[in-house]
1. Report for the chain the percent antiparallel among DSSP-assigned beta bridges with both residues inside it, nearest 5.
2. Decide, for the stretch 214-370, between rounded, prolate and oblate: order the square roots of the alpha carbon gyration tensor eigenvalues as a ≥ b ≥ c, take rounded if a/c falls under 1.5, and otherwise choose prolate if a/b is larger than b/c, else oblate.
3. Which of the lysines could a cross-linker span from K369 if the Cα-Cα distance has to be under 22 Å and same-chain partners fewer than 8 positions apart are dropped?
4. Taking Cα centroids, how far is the stretch 43-79 from the stretch 189-254 in Å?
5. Give the separation of the Cα centroids, the stretch 111-173 to the stretch 336-367, in Å.
6. Could you tell me which of rounded, prolate or oblate describes the stretch 164-293, using a ≥ b ≥ c as the square roots of the eigenvalues of the alpha-carbon gyration tensor, with rounded for a/c under 1.5 and, failing that, prolate when a/b is larger than b/c and oblate otherwise?
7. Please list, in chain and number order, the residues 5+ apart from V105 or on another chain whose amide H is under 5 Å from its amide H, with Hs placed from the backbone.
8. Using a Cα distance threshold of under 21 Å, what count of lysine pairs results for the stretch 185-334 when pairs must be 8 or more residues apart or interchain?
Amino acid sequence: MGPATESRHYQYPSGSGGTLHFETAPLKIVRAEKQFMTDNFGIQYLDCVSNVAHVGHCHPHVVAAGKNQMATLVSAQGFMNDALTKYVKQLVNKLPDVLSICYLVNSGSEANDLALRLARAYTNRKDVVVFDDAYHGNLGNLIDISPKMFKQMPLGKKEFVHVIPCPDTYRGIYREDDVRAAEKYVKEAEHIIHQASRSNRKIACFVSESIVVNCGVIVPPRNYFRLLYNLIHEIGGVCIADEVQTGLGRTGEYFWAFEHYGVIPDIVCIGKPLGNGHPMGAVITTREIADSLGEYYSTFGGNPVACAIGMAVLDVIENEKLVQSAKAVGKTLLENLQQLRLNHRVIGDVRGIGLCIGVEIVEHKTSRKPATALAQTIIYKLKEEHHILVQVQGPGRNVICITPPMCFTQTNARSLFNALDAVLSSLAHSNTEGIIDIASNIVVPHPRSVLSMEDLENMSEELEGPEAKKARTSYDDID
């Protein structure tokens, strides 16, 4: 008999990267198709949050491309590969001509990390300008430039990071009724950058999302990026557009969110939408910036399977006219939600572009105070009563974020709108204080903090529903 073994425990990591959606009543999802996810009880949910499944869960064209290539050749980089050449050309053709050099990597975090290296190599500087509460990835270099994360760290902000106000015209220092809000926000940034300069800190780059999803789906004023990009270029820095959440047509009309602002970044980063669930990322930049880096190698970035999947995703976006669809569906949904704002006192603001929309939940429209607990109640009631999945974002965790797969339809938008209206109406006619605790009153079998392997197995059995093995519905049958 072997030596006695100690009981093993699984430490569930804390923080945004380790938490479950609906963590007090987590879902066990067993399959997904298009814009729908199905749990182990056979309950189907309308997915309004999975921007990873960019063109739809388990899209047959994407699945077939990956399967066929995996059955033919799987290799690391270092060999000639027609799929690599074809895919890079296809992807780069979606960008302005000056952005001509493409690096393929495995994730949005890896893409942002490489972009940071490129900017620092090109400028021979280290310092970075970012928005307050921004998040750009979970690698060490990116945690350092992500206020959302480093505010929770013992060492806090590093001296080479310079935090400027997020241009939030709803909750920020300059608001929607100020016609010069863009100029004033840029002046705030200029003041902080000049302070850095007086301390002999030279700026290498400004990094931002084009629509600032992680800060609560903030849509900067129209000329904000043009003015700020000019400022950064004047001091010798470069501008990095983090399009991990908003690229590949999500904002409708254009393929990239930065195009809505009439600017051209020096470096563009893309992540999860590229592979529709397969780990992919890319960095596209100018020849001049790329030449400053020297040799770069990613073992699996641009491998044949990734390239086949990437090309299939681009094909689906084109063939199914998903950019045009995002514009049309998003416009209808945004207008209806803005109308809903007039009917419900807890909706403080509705904002967004295309299929990237935020609904800000507040305690009162005058105070604009974030209603964090109420926002949680709303997303739980949408899940439990209407089988619709959304999530919350923003510093106050009170912005309902709507970023569904791009195959989201007008019918889906109507379902979401009607369900949200029904939930808000029910809350308005109830004892709200009692209902706000709905999330905390849902019982789960085990605490989240420390789970043993036995606990996890038991939880899986307890969550297993009677219809878990229902016959699978074909992709084409679901809409």
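The values are calculated or read from the model by the stated rules, or taken from the named source; none is laboratory data. Since the model is a prediction, treat every value here as computed from it, not as a measurement. Please note: Cβ atoms are built from the backbone with ideal geometry, for glycine as well, and neighbour counts cover all protein chains shown. All accessible areas refer to the heavy atoms of the entire protein, side chains included, with ligands and DNA or RNA removed. Shrake-Rupley method; radii C 1.70, N 1.55, O 1.52, S 1.80 Å.
1. Once the DSSP bridges in the chain are tallied, antiparallel ones form about 65 percent.
2. Because a/c hits 1.5 or more and a/b fails to exceed b/c, the stretch 214-370 counts as oblate.
3. K148, K151, K381
4. Here the answer is 31 Å between Cα centres.
5. 28
6. Here the stretch 164-293 falls in the oblate category.
7. So V105 has HN proximity to G281, A282, V283, G302.
8. 4
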